[in-house]
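Colleague: This is the structure I want to talk about, given as structure tokens.
The values are calculated or read from the model by the stated rules, or taken from the named source; none is laboratory data. None of these values were measured; they are calculated from a predicted model. Heads up, the Cβs are rebuilt from the backbone with ideal geometry, glycines too, and the neighbour counts pull from every protein chain shown.
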Number of protein chains: 2
Amino acid sequence: MARPKALSGFPEWLPAQRVIEQQLMSQLQQVFELHGYVPLETRAVEPLEHLLAKGETSKEVYLLSRLQDDEGANSEADGNQLGLHFDLTVPLARYVLENAGKLQFPFKRYQMQKVWRGERPQDGRFREFYQVDIDVIGADTLPYHFEVEVPLVMARALAKLPIPPIRMRINNRKVAEGFYGGLGLSDTQEVLRSIDKLAKIGADAVVDLLKANAGADDRQARACLELAQITGETSQVADDVRALAAKYDVESQLLETGLTELAQLLDAAQDDLAGIVIADLSVARGLDYYTGSVYETELVGHEDLGSICSGGRYDELASDGKNTYPGVGMSIGLSRLISRLFRQELVTVTRATPTAVLVAVGSEDERAASNRVANQLRERGIAAETSPNSAKFGRQIRYADRRGIPFVWFVSAGEDGSDQVKDIRSGDQAAADASTWEPPAEDLAPRIEAAQD
Amino acid sequence: MARPKALSGFPEWLPAQRVIEQQLMSQLQQVFELHGYVPLETRAVEPLEHLLAKGETSKEVYLLSRLQDDEGANSEADGNQLGLHFDLTVPLARYVLENAGKLQFPFKRYQMQKVWRGERPQDGRFREFYQVDIDVIGADTLPYHFEVEVPLVMARALAKLPIPPIRMRINNRKVAEGFYGGLGLSDTQEVLRSIDKLAKIGADAVVDLLKANAGADDRQARACLELAQITGETSQVADDVRALAAKYDVESQLLETGLTELAQLLDAAQDDLAGIVIADLSVARGLDYYTGSVYETELVGHEDLGSICSGGRYDELASDGKNTYPGVGMSIGLSRLISRLFRQELVTVTRATPTAVLVAVGSEDERAASNRVANQLRERGIAAETSPNSAKFGRQIRYADRRGIPFVWFVSAGEDGSDQVKDIRSGDQAAADASTWEPPAEDLAPRIEAAQD
């Protein structure tokens, strides 16, 4: 086989990078489980009709066909055309409907899986990547407090990772819709579409758009713009919106409900996430889709990446005609985040191998003795390898050095016949007993750390 | 959406089952890492030409096409027709060639990923399933001792799981080829093909086959049969084969090399895997493909499942013309194993949720106080949920009970204003402080156990 080339859009990592990815995922998992989220994994494929139920994403689907299909192209004996899932929400909705009778509601689950999008290769986008989702699904009802819980769990999980700090920006569909409605603007979607362009085209152009497309007069357009400019870290932000509403004679029960909700989330964030969870009334993306809270997350200093973790409340994740399942969830675009961390070397790992100790081999006849020492260390949780060769010790030490293995063990090498262990970073060597010796805790396993500036 | 039905061949688990799968995988991972194997994950897709390089498996490939492909069916701008990988060996070979310059050899890696096979749905086989592989890859050379290491690592990993005991049966291509050659039979493949039918068709029929297809006379056929009937737990087995060779005047340097190797592996297994790793000279499957050791693994009492973990030594995993990469590896068919465990309820889990403590909520006004208690517990590694409702405590306790959450916490519920924690299994209730209370270690997280007979 000629030397293969990487496939554009299908990222693969070197072992050291995979260690970082794995540890980031395991740290996220730990926080999710501490909050009682259960693990879920769904199959990679869905019937095409489910994948296309939302219409818009039809371009991105990878279809499957069997190479030697004996029933005609793309057919399946059970009549299903299958495609790879492009997110974890469509499979969750289907899984909940399929297993509703066996699940406990509210159903809190996390899910960390690859998803696939049939992007054009030349677009430079990922075609296979990890998403990490948490969702809470209710049966028919889902109390608002889960709209508080989900972003706080995600913010806690992301804030603990050894990555640049995050900023989670929140908004609420009820605030936007209530405010616009109270102003006399009924086409919420169109207003949101214009507001969403604020950062890109500026305030004046947005006012023009609102007038041209959303039927706003000058006063209404200015009011929408002022709303979008409100941000804040505490529930004071609700009063700021109330003051703006009063200024423009806006009265709306929906607005008041939204503000109460927004304030509740900001209050809850004060305990351990003050300044990390921020209300930003300009957040418009997702508000046309979600029905309550909406969340976006930036990596501070890397705002150009866009949102690394988004989500919100949807009143109808799934419905089978008899029951409706509302939900609230967030999704991390993990591979995109990680690929930025790698490209800019923002996270480091102390070594690329789990091995803490290389047990040297004096000669092939002594390999069994070295293996026994390695097993003694492993039984006490210390990762050990026996040297692959019995070359000169200098070469065996270089083997350890190239892999970042911190310790090399020499069996019966002391003058008194004791074993010796050498820290190859410092050169320090001392007598050691494989049934009691411990490496320093920080050397036990590879550790990931935020890169120092 | 109408209630969806399960897709045949694409298994999905309920949360309690997923907890079991996850813990089994994490226990395997731990053993692999203790032996210095690095984690690897490859993309799910490979160019079709790589997938078909071995020919035989062409029927099982799932091809990908983009739903709205603007360059014609199944085409990709970069000329690659892509398919889903059907094992983890083909991707490993490609990955090693692609990244050879950046890897350290011998390259020891583990890999746990879904693979896909485009089986006919009516065959009742899995079309998506987990494989768990370990391999050691050398650059140009790979010492025999890795053929000893790999099965011992796998046997240790599998023997530690809370599943029925395993039996690993080993053989060596050099023994078979050397013995047959010494007998005067040159068509090793054909002899192996006949011997492989021994369990199915019996000794006499195998003798007939050997005479009809492998050109054996009666004496040669009997000798092959006697070889296949040799088994043993210690290196004594090598002497048994030597005695048989002497009886039939077989002399072969290749046979002697193979016996020395086999004995070395059996000796190494005596320390901690005696009686688990067994030489069985009837193991023929894989010997036509592998070039040295070959391994198969049965679940004792579930031999009908076939081998749950197989592999062997291959002198040429990959080659780019300049370098050749020999390897030795084994692969667990994890989903098939797990599906047997589930169907026969051979493994149980203490609960289906990570949550150890449900913090009750007296009224919605007191939810924030309950959240603070839950956070205090989480900060000390105790998984906690706040009750989703503030209904009567009896209902909140039932919520915990249905999920198997062992403890319910009542904030400020004691006569002295202290918090109270109730073990809902025993009904015992006591004062507790969220900054110091610990659940019994066995209740901290869901635990998996072998089912009691």
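Colleague: Within the stretch A:151-168, count every residue that is surrounded by 18 or more Cβ atoms within 10 Å (Cβ to Cβ) and of a type in the set (Gly, Ala, Ser).
Modeller: Selection size over the stretch A:151-168: 2.
Colleague: Got a sec? Which strands (runs of 3 or more DSSP E) wholly within the stretch A:241-325 have at least 2 residues that are more than 30 Å from A:LEU346 (Cβ to Cβ) and either of a type in the set (A, V, I, L, M) or touching a strand residue (DSSP E or B) at 6+ places or on another chain (Cβ under 9 Å) (or both)?
Modeller: Numbers: elements: A:277-280, A:293-299, A:309-319.
Correct list: A:309-319.
Colleague: Which ones in the stretch B:309-321 are within 14 Å of chain A (Cβ to nearest Cβ) and within 17 Å of B:GLU147 (Cα to Cα)?
Modeller: As a first pass, look at the stretch B:309-321 and keep what is within 14 Å of chain A (Cβ to nearest Cβ): B:316-321.
Listed by number, the residues that qualify are B:GLU316, B:LEU317.
Colleague: In addition: I'd like the full set of residues that are modelled with pLDDT of 95 or more, over 33 Å from the mean Cα position of the chain (by Cα) and charged (D, E, K, R), limited to the stretch A:400-445.
Modeller: Listed by number, the residues that qualify are A:ASP401, A:ASP419, A:LYS422, A:ASP423, A:ARG425, A:ASP428, A:ASP433, A:GLU438.
Colleague: Among the residues of the stretch A:1-32 satisfying the criterion of being surrounded by 18 or more Cβ atoms within 10 Å (Cβ to Cβ) and more than 30 Å from B:LEU97 (Cα to Cα), which is farthest from the other protein chains (Cβ to nearest Cβ)?
Modeller: Applying the filter and picking the extreme gives A:LEU28.
Colleague: A follow-up question, please. More than 13 Å from chain B (Cβ to nearest Cβ) and in a strand (DSSP E or B): does that describe A:ILE332? Working first, answer last.
Modeller: Working: more than 13 Å from chain B (Cβ to nearest Cβ): yes; in a strand (DSSP E or B): yes.
Taking the combined requirement at face value, the residue satisfies it.
Colleague: Separate question: Give me the residue from the stretch B:33-50 that is out of contact with any Pro (no Cβ under 9 Å at 6 or more places or on another chain) and more than 7 Å from chain A (Cβ to nearest Cβ) and, out of that set, modelled with the highest pLDDT.
Modeller: Restricting to residues being out of contact with any Pro (no Cβ under 9 Å at 6 or more places or on another chain) and more than 7 Å from chain A (Cβ to nearest Cβ), the top hit is B:LEU48.
Colleague: Can you pull out every residue in the stretch A:234-271 that is touching a Leu at 6+ places or on another chain (Cβ under 7 Å) and either free of Cβ contacts under 8 Å to residues at least 24 places away in the same chain or within 20 Å of A:ILE170 (Cα to Cα) (or both)? It would help to see each step written out before you state the result.
Modeller: Taking the stretch A:234-271 first, the residues touching a Leu at 6+ places or on another chain (Cβ under 7 Å) are A:234-235, A:237-238, A:241-242, A:244-245, A:248, A:250, A:268-269.
The answer is A:THR234, A:SER235, A:VAL237, A:ALA238, A:VAL241, A:ARG242, A:LEU244, A:ALA245, A:ALA268, A:ALA269.
Colleague: Also, I was wondering about something else. When A:GLY329 is evaluated against the numbered criteria (1) under 27 Å from A:PRO106 (Cα atoms); (2) touching a Leu at 6+ places or on another chain (Cβ under 9 Å); (3) surrounded by fewer than 24 Cβ atoms within 10 Å (Cβ to Cβ), which criterion, by number, is the only one it fails?
Modeller: In the conditions (1) under 27 Å from A:PRO106 (Cα atoms); (2) touching a Leu at 6+ places or on another chain (Cβ under 9 Å); (3) surrounded by fewer than 24 Cβ atoms within 10 Å (Cβ to Cβ), A:GLY329 misses (3) alone.
Colleague: So which of B:THR353, B:THR348, B:THR324 ends up being under 28 Å from the mean Cα position of the chain (by Cα) and at the interface with chain A (Cβ under 8 Å from one of its Cβ atoms)?
Modeller: Going through B:THR353, B:THR348, B:THR324 in turn, just one is under 28 Å from the mean Cα position of the chain (by Cα) and at the interface with chain A (Cβ under 8 Å from one of its Cβ atoms): B:THR353.
Colleague: If you check A:ASP135 against the conditions, is it under 30 Å from the mean Cα position of the chain (by Cα), touching a residue at least 60 places away in the same chain (Cβ under 8 Å) and in a strand (DSSP E or B)? Outline the logic, then answer.
Modeller: Numbers: under 30 Å from the mean Cα position of the chain (by Cα): yes; touching a residue at least 60 places away in the same chain (Cβ under 8 Å): yes; in a strand (DSSP E or B): yes.
Judged against the criteria, A:ASP135 is a match.
Colleague: Run B:GLN104 past the list (1) touching a residue at least 40 places away in the same chain (Cβ under 8 Å); (2) of a type outside the set (Asp, Glu); (3) touching a Lys or Arg at 6+ places or on another chain (Cβ under 8 Å) and report the number of the one that doesn't hold.
Modeller: Here B:GLN104 clears every test but (1).
Colleague: Can you name every residue in the stretch A:292-304 that is of a type outside the set (Gly, Ala, Ser) and either within 14 Å of chain B (Cβ to nearest Cβ) or loosely packed, with under 15 Cβ neighbours inside 10 Å (or both)? Show your work before the answer.
Modeller: Here is the first cut: in the stretch A:292-304, the residues of a type outside the set (Gly, Ala, Ser) are A:294-300, A:302-304.
Those that are of a type outside the set (Gly, Ala, Ser) and either within 14 Å of chain B (Cβ to nearest Cβ) or loosely packed, with under 15 Cβ neighbours inside 10 Å (or both): A:VAL300, A:GLU303, A:ASP304.
Colleague: How many of the residues in the stretch A:437-446 are surrounded by fewer than 17 Cβ atoms within 10 Å (Cβ to Cβ) and either without any contact (Cβ under 8 Å) to a residue 40 or more places away in the chain or away from chain B (no Cβ under 14 Å) (or both)?
Modeller: Residues meeting the conditions: 4.
Colleague: How many residues does the stretch B:33-53 contain that are in a loop (DSSP other than H, G, I, E, B) and buried (at least 18 other Cβ atoms within 10 Å of the Cβ)?
Modeller: 8
Colleague: State whether one or more residues within the stretch A:359-368 are in contact with a Phe, Trp or Tyr (Cβ under 6 Å, 6 or more places away or on another chain), under 20 Å from B:PHE105 (Cα atoms) and buried (at least 21 other Cβ atoms within 10 Å of the Cβ). Reasoning before the result, please.
Modeller: First, the residues of the stretch A:359-368 that are in contact with a Phe, Trp or Tyr (Cβ under 6 Å, 6 or more places away or on another chain): A:359-360.
Right, trim to under 20 Å from B:PHE105 (Cα atoms) and you get A:359-360.
If we keep only those that are buried (at least 21 other Cβ atoms within 10 Å of the Cβ) too, we end up with A:359-360.
Yes, the stretch A:359-368 has at least one match.
Colleague: In addition: Kindly provide the set of residues from the stretch A:20-56 that are in contact (Cβ under 8 Å) with a residue 24 or more places away in the chain and on the phi > 0 side of the Ramachandran plot, ordered by number.
Modeller: Listed by number, the list holds a single entry, A:GLY36.
Colleague: Now for a different question. Please work out which one of (1) touching a Phe, Trp or Tyr at 6+ places or on another chain (Cβ under 8 Å); (2) farther than 30 Å from B:ARG340 by Cβ is the condition B:TRP116 fails and give its number.
Modeller: Among (1) touching a Phe, Trp or Tyr at 6+ places or on another chain (Cβ under 8 Å); (2) farther than 30 Å from B:ARG340 by Cβ, B:TRP116 violates only (2).
Let's see how each residue does on (1) at the interface with chain A (Cβ under 9 Å from one of its Cβ atoms); (2) assigned to a loop (DSSP other than H, G, I, E, B):
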residue: B:GLY101; (1), (2): no, no
residue: B:GLN104; (1), (2): yes, yes
residue: B:MET112; (1), (2): no, no
residue: B:GLY118; (1), (2): yes, yes
residue: B:PHE126; (1), (2): no, yes
residue: B:TYR130; (1), (2): no, no
residue: B:PRO143; (1), (2): yes, yes
residue: B:VAL150; (1), (2): no, no
residue: B:ARG156; (1), (2): yes, no
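Colleague: Which of the helices (runs of 4 or more DSSP H) contained wholly in the stretch B:163-202 include at least 1 residues that are closer than 18 Å to B:ALA214 by Cα, modelled with pLDDT of 95 or more and basic (Lys, Arg)? Spell out the reasoning first.
Modeller: Values: elements: B:173-183, B:188-195, B:198-201.
So the answer is B:173-183.
Colleague: Still on this structure, please answer the following. Please specify each residue of the stretch A:227-267 satisfying the condition of being surrounded by 16 or more Cβ atoms within 10 Å (Cβ to Cβ) and of a type in the set (Asp, Glu).
Modeller: Residues satisfying the conditions are A:GLU233, A:ASP240, A:GLU256, A:GLU261.
Colleague: If you don't mind, there's one more thing I want to ask. State which residue is nearest to the other protein chains (Cβ to nearest Cβ) when the search covers only the stretch B:383-428 and only residues that are part of a loop (DSSP other than H, G, I, E, B), β-branched (Val, Ile, Thr) and within 20 Å of B:THR350 (Cα to Cα).
Modeller: In this case the residue turns out to be B:ILE405.
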